[in-house]
Structures are given as structure tokens and as C-alpha cells.
Amino acid sequence: MDIVLGLQWGDEGKGKFIDLISQNYDIVARFNGGANAGHSIERYGKRITLKSLPSGIFMKGVQNVIGTGMVLDPVNFKKEVLNLRSFDETIQVEKHVSISKKAHLVLPTHQLMDVFMEENSSYTAIGTTRNGIGQAYANKILRQNLRVGDILSPDFTDRIIHILERDYNQLLSYGQILPSLEKLCEDFFDAVEFLKRFEFIEAEIFLNNSLSEGKTMLAEGAQATLLDIDHGTYPYVTSSTTLAAGACSGLGISPKKVGEIYGVAKAYCTRVGNGIFPTEIFNDLGEEIRQKGNEFGSNTGRPRRIGWLDLPALKYAVMINGVTQLVLTKADVLSGFESVAVCTHYEIQNQQISVMHGLFIDDEVQPVLQWMKGWDEDISNYDDASSLPEQLKNYLSFLEKELKIPVSYLSTGPGREQIIKMD
Ligand code: GDP
Ligand code: IMO
Ligand code: MG
């Protein structure tokens, strides 16, 4: 099993890369998160953003699996499938996607509670995507949640109605103005019926058997290392394990079976939502990169915060994931800048720190930037590593030396073909 995951704060371009390399695999399995992800893929000159569907869906012959580590919102999922169908009616989604019976359900009340906590000043506002992700995982950990497999049990309707009524009344008692419970239930049960068109599987058995039969598999991570619940910049993180280790636990695959671990990083950094961001750029340059890179959330449309490439954060991410190959995206966005900066280390209370640890307090961190000569050429149609501008080659060599892993792919635009295999 190979793994693809994000090394920064998400939106590194994982979807685009997985869409491309899924041609090398029989199975693509998502291992964490839910509809908080937005994995954009360009096809036929149009863009679609996948949320819960794995990014192998456009590759003919690939079986896509919604893994046990995920949380699935039936209402959101139905919309996503219908949207995909109108985007490309040739894809037989039901045939090429199967769902782990042990994946947890996101209920409408989870989503309402997420919004309530984000908007109520007595809680810490995380800047979530408001999809109820944290609530679903919290209920999973509390052992109060229902799973996809429960849909097939005879008392499912009664159990769901009990939970929805209970949580709805709790929200009402907080003074929330809510849509009617009848409408919530109607939409939810309608979406559950739709979900039944998909095969619910014992995902661990299916995936392990497939590997034993010699099939190849790619584990797809959502969110990214610095949003990991344990090792990210807590509390401004998501609620799942986004790391390589999460691929094993979220899919039920032994660590012994892991092969390549592709870490995807942008040539600069972005972050949506609140929380520490040591290399954040606050001036016009940040706005210029945001516009050039179209840095607006694929999921929520929020403007992404922009910062320079952060080596201490990347070294940390490479270390805790055991990344074997770097996939660098969006270097094309930096074309035309006279010089580009890389943060080589932080200064914290007069100490130099070269590897992040996720516990910093924003105000204390001074990023130390190294400026490098930029490249002028528009590289978005280059297909050969040897013809890249010298300054970009220097920049890539610098990263390889610092991170001690090869840059294996250089993505030069959003399209599937806009990528250079570097060796
Ligand atoms: P993901 O969540 O990691 O899959 O990333 P997103 O899809 O949320 O955000 C990445 C955005 O950048 C999408 O709009 C992609 O189409 C786009 N993209 C991906 N790779 C490149 C690249 O190399 N250059 C440019 N300019 N855009 C890219
Ligand atoms: P992909 O897979 C970028 C961020 C949110 C917020 C925090 C918690 O597209 O890279 P949540 O809704 O998960 O409770 O929000 O995490 N976040 C993401 N940021 N890309 C994502 O996914 C994200 N998923 C969650 O903005 O700061
Ligand atoms: Mg995204």
C-alpha cells in the first residue's frame, strides 16, 4: 500500500496528484475525514471538487473505497454523487465506490452543533468547515455514534430518531433557531435510502484480501499533517488522524504493508481557518499570490491565508510521516517573482529552532527567511525536468538537501497533464 498525504495545512493539491497516479493502482481508499475535504480535479477543462468520494473516481478500472476512518454524511454524499453525475455522466459511481460498514455517520445535528460552537463565544472558534466533522468524531470516541453498517439493522430508524430528537432539543434549549426536525429527518432518511445503492463492505477484509491477491492500493489522506488531531497545531486542527499512521488504522492495514509515502506540499503555504501560521504574509505580496494561485477554499470559498514555504514545518511533517517522496505543487504560481523566500528556521526567545513541534505560540515565533532568486519563465506547459529554469532547479535542490528526500513530481498547473516526473 502506498500513501498520499498533505504535509502542510491542507489544499496542497492531493486530489490532482491522486487523480493522475491512480492509473497505477487497482484500489484508491480514503482513510480519514469527511466532507471537510475538498479535493479538486480538472477534467475536460472543468473543475470538480470531491469531498467524500476518493480521487480515483475518474480513472477507469479503479475501485474506490470509503474507509473505516472516515465520517460520512449521507445528505452531503448524495449531493456530491449527483453533482459528479452531472459533471460526467459516464462514471458509474455506484459500481466503482464501496463503503466501509465501520465508517461513522455524520448526522444533521452534528452539523448544527458544529455551527453553534463556531458561533458561540463561550467556545474556541476553530474556523471549521461547518460540516459536523468534529461532532461526529467526538460521538464516535464517546461511543454514542452510529455507523454505516447500522443502516441495515431493523431498529436503525428508531435509533436515529431518538438521537436526532435528543440533540435537536438540546440545541433548542441553547436558544438556536433551527430548521424543522421533520425536514431534517425527511432529508436524512431520503439520503440514507440513496446510500443503500452502494455496496457496504467489511473494508479491512476486502483490502487485505486484495493486497494478498497482488492488487495494488493507494491510501488517500485528507486534510494534512499540521491539521492532525494529535500532532497538528492543536486546537486549530481537524478531528482525525491525517498522518501515514492514520492510513493503517483508518483502513485496517498493517504498517508492514506500507510502501511509498508521497508527501504533497505547495511551493508556498496556505491555511484556512484559525491558528498559528509562522510564515504568514500580510502585505500585498500575499494578496498577489492568493490571486495568482486562486487560493480560495475549494470547499467553503474562504480566502486562504498565504505564507512562505516553511522548512521547519516541512521537516516535522516529513519526519512524523516517514515521507519517501515529495510532490511539489504550484511552483508555477511563483513564476515572475524577482525573489522567493523560504523559512529555514524559527527564532523563539533567542533560540534557533529548525524543526517545528506544533506547540508554538504564534507571537513568539519569528520566521527566519532565506531569499532566493526567482524564475521568470511560465513553466505551466513544461514537460521536461531538464528544461526547467536554473533558479527553480536550484530551489528544488535546496529543498531536497534540507528535507533529505527527492522531489519526485513537480506539478505545474491544475490539469492532469501539468506535472513533471523528475527522475
Ligand atoms: P487538495 O485538498 O490537497 O486536493 O487541494 P485543493 O484541490 O483543495 O486545492 C488545490 C488547488 O490548486 C486546486 O484548485 C487545484 O486545481 C490547484 N492545483 C493543484 N496543483 C496545482 C499546481 O501545480 N499549480 C496550480 N496553479 N494549481 C494547482
Ligand atoms: P483538504 O483535504 C484545508 C481545516 C478547517 C479548520 C480545521 C477544522 O481539502 O486538504 P473541520 O471542518 O475539519 O472541523 O475544520 O481544519 N480543514 C481544512 N483545511 N483543507 C482541508 O481539507 C481541510 N479540512 C479541514 O479550515 O481550520
Ligand atoms: Mg482541499
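Read the figures in this text as sums done on the coordinates, not as results from a lab. Every value quoted in this text rests on a predicted model; they were computed, and no experiment measured them. Note that we place each Cβ from the backbone using ideal geometry, even for glycine, and neighbour counts take in every protein chain shown.
Quick notes on this one:
- Here the label points at Glu204 and Lys373, each 7 Å from Cα along the C-beta direction, are separated by 5.6 nm in the simple model.
- Potential extension, Asn83-His357 segment - 0.36 nm per residue separation minus Cα distance: 94.7 nm
- Low-density loop positions, chymotrypsin sites (Phe, Trp or Tyr not before Pro), segment 267-328 - DSSP coil, at most 11 other Cβ in 10 Å: Phe282
- Taking Arg47, Arg143, Arg305 as the candidate residues, the one with maximal mean-square fluctuation in a Gaussian network model of the chain, Cα springs under 10 Å, is Arg143.
- Ranked Leu285, Leu251, criterion: other C-beta atoms within 10 Å, fewest first: Leu285, Leu251
- Sites Arg43 and Asn274 - FRET efficiency at Förster radius 56 Å, r taken between beta-carbons, to 0.05: 0.95
- In this rough spin-label picture, where each label sits 7 Å from Cα along the Cβ direction, the Phe282-Phe189 distance is 5.4 nm.
- Three-way shape call for segment 104-195 based on the alpha-carbon gyration tensor, with the a/c threshold at 1.5: prolate
- Cross-link pairs Lys46/Lys373; Lys46/Lys421; Lys46/Lys292; Lys315/Lys401; Lys16/Lys102; Lys95/Lys196 - those with Cα-Cα distance over 22 Å: Lys46/Lys373; Lys46/Lys421; Lys16/Lys102
- Length-normalised contact order for segment 233-362 - Cα pairs under 8 Å, 6+ apart - percent: 32 percent
- Size of electric dipole in segment 104-195: Cβ of Lys, Arg +1 and of Asp, Glu -1, about Cα centre, debye, nearest 20: 380 debye
- Modelled label reach - Lys215, point 7 Å along Cα→Cβ, segment 46-67 residues with backbone N closer than 19 Å: 53-67
- For Cys185, Cys248, order by how many other beta-carbon atoms lie within 10 Å, fewest first: Cys185, Cys248
- Cβ-placed point charges (K, R +1; D, E -1), dipole of the chain about Cα centre in debye, nearest 20: 760 debye
- Compared with the rule-of-thumb size 2.2 N^0.38 Å for a compact globular protein, segment 269-423 has a Cα radius of gyration ratio of 1.04.
- Distant-in-sequence amide H partners of Asn32 (H built 1.01 Å from N, under 5 Å): Ala222
- For the chain, a Gaussian network of Cα nodes joined below 10 Å ranks Ser55, Ser121, Ser354 by mean-square fluctuation, and the top entry is Ser121.
- Working from Cα pairs under 8 Å separated by at least six residues, relative contact order for segment 301-423 is 31 percent.
- Residues Glu165, Glu80, sorted so that the one with the fewest Cβ neighbours within 10 Å comes first: Glu165, Glu80
- Only one residue of Thr300, Gly322, Phe277 has its Cα farthest out toward the positive end of the dipole of segment 267-421, where Lys and Arg carry +1 and Asp and Glu -1 on Cβ, and that residue is Gly322.
- Averaging the sequence gap over all C-alpha pairs within less than 8 Å and six or more residues apart, then dividing by the number of residues, gives the chain a relative contact order of 20 percent.
- Residues in segment 121-163 that a label on Thr300 would reach, taking backbone N under 20 Å of a point 7 Å out along Cα→Cβ: 121-139
- One chain, two ends: Glu338 and Tyr234. Fully extended at 0.36 nm per residue, the span grows by 33.9 nm beyond their Cα-Cα distance.
- Segment 175-231: GluC sites (Glu not before Pro) in DSSP coil with no more than 12 other Cβ atoms inside 10 Å: Glu213
- Compared with the dominant principal axis of the Cα atoms in the chain, helix 108-119 is inclined by about 50°.
- Added length on full extension, which subtracts the Cα-Cα distance from 0.36 nm per residue, Arg143 to Gln291: 48.9 nm
- Comparing Gln144, Gln63, Gln391 in a Gaussian network model of the chain (Cα springs below 10 Å), the most mobile by mean-square fluctuation is Gln144.
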